[in-house]
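Structure first, commentary second.
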Amino acid sequence: MTLEHFDTIFAFVVILAGVSLLVTVLVQMASALFSLRGSNLRWGIKTLLTHADPDLAKHAEMIAQKVLHHPLVSDSTFSGVLPRLLSRWRLATAIRKDELLEILRVLAAQPATAQQEGALVTWDTALRRSLDKLAPADVEKLMRAVPKVQEVFADDPA
């Protein structure tokens, strides 16, 4: 191979790099448009709450939604406006474990919603009960397990 073919190879590499960049931009745009990171994080928190306390299983979706819409972690511009229309875009896309615990405690400390006598348990009451019965040692054990779960999913090729 001589310098005669260098311009052809160089042009081919530049075109491949440009197409790769274009595909990356399109994938990131689609991911942001459909708020895929926030939706997957909501699923993960819901699963974590369900496994941490089976009594929270029927309230896990609502608690996860409240956590990810909380203004302290929601990185969305729309976090304070248009609650129904842009609810998917209001989800936080990342949260640290200490932030998650703090927001769960803040949500549990809020005054209980009005309930009628004999009514079903609401999400905030269920969360409060779950946090009350969860010992601090169990919280630490759960938080130590989170990185191990992340390692398992990182090693999973699927």
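The values are calculated or read from the model by the stated rules, or taken from the named source; none is laboratory data. Worth saying up front: this structure is predicted, and the values here are computed from it rather than measured. Positions of Cβ are generated from backbone atoms using ideal geometry, with glycine treated the same way; all protein chains shown enter the neighbour counts. What goes into the accessible areas is simple: the full protein's heavy atoms, side chains included, and nothing from ligands, DNA or RNA. Shrake-Rupley method; radii C 1.70, N 1.55, O 1.52, S 1.80 Å.
On the beta carbon distance between Arg129 and Asp98, with R0 = 25 Å, the FRET formula returns roughly 0.65.
Given a 1.4 Å probe and heavy atoms of the protein chains only, how would you sort Trp123, Trp43, largest accessible area at the top?
Accessible-area ranking of Trp123, Trp43, largest first: Trp43, Trp123.
Taking all protein chains as they are arranged and a probe of 1.4 Å, the heavy atoms of Ile9 leave approximately 70 Å² accessible to solvent. Calculated FRET efficiency, Arg37 to Ala11, Cβ-Cβ distance, R0 = 35 Å: about 0.45 to the nearest 0.05.
Calculate, in whole percent, how much of the Cα-Cα pair population of the range 19-70 lies beyond 16 Å.
In whole percent, the long-distance tail amounts to 51.
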